[in-house]
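The values are calculated or read from the model by the stated rules, or taken from the named source; none is laboratory data. The model shown is predicted, which means the values in this text are computed figures rather than measured ones. Virtual Cβ from ideal backbone geometry, glycine too; neighbours counted across all protein chains shown. Areas reflect the complete protein model, heavy atoms only, side chains present, ligands, DNA and RNA absent. Shrake-Rupley method; radii C 1.70, N 1.55, O 1.52, S 1.80 Å.
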Amino acid sequence: QVQLVESGGGLVQSGGSLRLSCAASGIIFNRYTMGWYRQAPGKQRELVATSTSGGTTSYADSVKGRFTISRDNAKNTVYLQMNSLKPEDTAVYYCNAKSLFNSELWGQGTQVTVSS
């Protein structure tokens with residue numbers, strides 16, 4: 001069974017923190033680039049952060065210095081630590097996995113709401 005399952009979303013006040021998790025199954029995890037995307041109401045889905053199988057990370061400018069992506073290959077899990085959250089971070093956050101040969105998987109998403 002191939003799937004990605006996100007968890008850890010919720011409601012938090014501005015300035016607070018959340019840690020999202022994405023558990024992968026049915027794939028050879030360490031061969032995939034993992035990513036987090038988000039989509040706010042009325043907006044296009046945007047890339048938030050990525051982590052390659054070798055541990056190289058990248059971030060959207062809007063979250064640099066506040067968010068950290070990490071992965072635990074032994075647990076087939078990728079995380080997104082979100083600090084100093086802002087209302088603008090409110091969105092559905094999706095986990096994504098891409099292989100070297102461009103196969104792609106998506107999780108169902110988890111809602112993150114940041115109140116003022």
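I'd like the accessible area for Lys43: 1.4 Å probe, protein heavy atoms, all chains in place, Å² to the nearest 10.
120
To make sure I understand the rule: partners must be lysines, Cα under 18 Å from the Cα of Lys86, and not fewer than 8 residues away in the same chain. Which ones qualify?
Once the sequence-local lysines are set aside, what remains near Lys86 is Lys43, Lys64.
Run the simple label-point estimate for Ala40 and Leu100 please: 7 Å along Cα→C-beta, distance reported in nm.
My value for the distance between the label points is 3.8 nm.
Ignoring ligands, DNA and RNA, how do Ser21, Ser116 rank by accessible area with a 1.4 Å probe, largest first?
Details: Ser21 30, Ser116 140 Å².
Descending order: Ser116, Ser21.
So for the pair Ser14, Lys86, with labels modelled 7 Å out along Cα→Cβ, what separation do we get in nm?
Distance between the two pseudo-spin positions: 1.0 nm.
Once fully extended, how much extra length lies between Ser53 and Val2, figured as 0.36 nm per residue of separation less the alpha-carbon to alpha-carbon distance? The partial results should precede the final answer.
Values: separation 51, 0.36 × 51 = 18.36 nm, distance 1.81 nm.
Roughly 16.6 nm would be gained on extension.
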